[in-house]
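Here the structure is laid out as structure tokens; the discussion comes afterwards.
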Amino acid sequence: MSKLLEKALKDAIKGNKCTVGSRQVLTSLKNSKLVVLSKSVRQNISEKIQSDAKKAKIPIIQFSDTSMSLGKLCGLQFRVSTISFNSLNDSNIKSIMNEAEKK
């Protein structure tokens, strides 16, 4: 996974600038700048988040590993199936998306 994303995740957790959990992300999607979905998210929830994010023009990164790995990447001691950034500048979003697409 990209170093940029890892740094952004840790900074967002520290600064309380993110929303963690599928249901929480769904309810706060309108305030999101970028959404990261692990492959552990249930299909129906993943589809709902993706369609709502698409309508709101919010970019999504498909994290290629489990919620355990995403949690560890965030520096947390629990599973993170979905996380959204509430404040991330556009240049950071572009850099993270470009890095994710190269993988």
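Computed from the coordinates by the stated procedures, all read-outs in this text should not be read as laboratory data. Source: prediction; values computed, not measured. Cβ atoms come from the backbone with ideal geometry, glycine included; neighbour counts cover every protein chain shown.
Dipole magnitude for the chain: computed about the Cα centre from +1 point charges on Lys and Arg Cβ and -1 point charges on Asp and Glu Cβ, it is near 100 debye. Put the Cα centre of segment 89-103 next to the Cα centre of segment 34-62 and the gap is 16 Å.
Pairwise Cα distances in segment 3-102 exceed 16 Å in 49 percent of cases. Sorting 69, 84, 91, 28 by the number of Cβ atoms found within 10 Å of their own Cβ, with the fewest placed first, yields 91, 28, 69, 84. Using a cut-off of 22 Å between Cα atoms, the listed pairs 3/54; 7/72; 10/55; 10/57; 3/39; 7/55 include 3/54; 10/55; 10/57; 7/55 as exceeding that distance.
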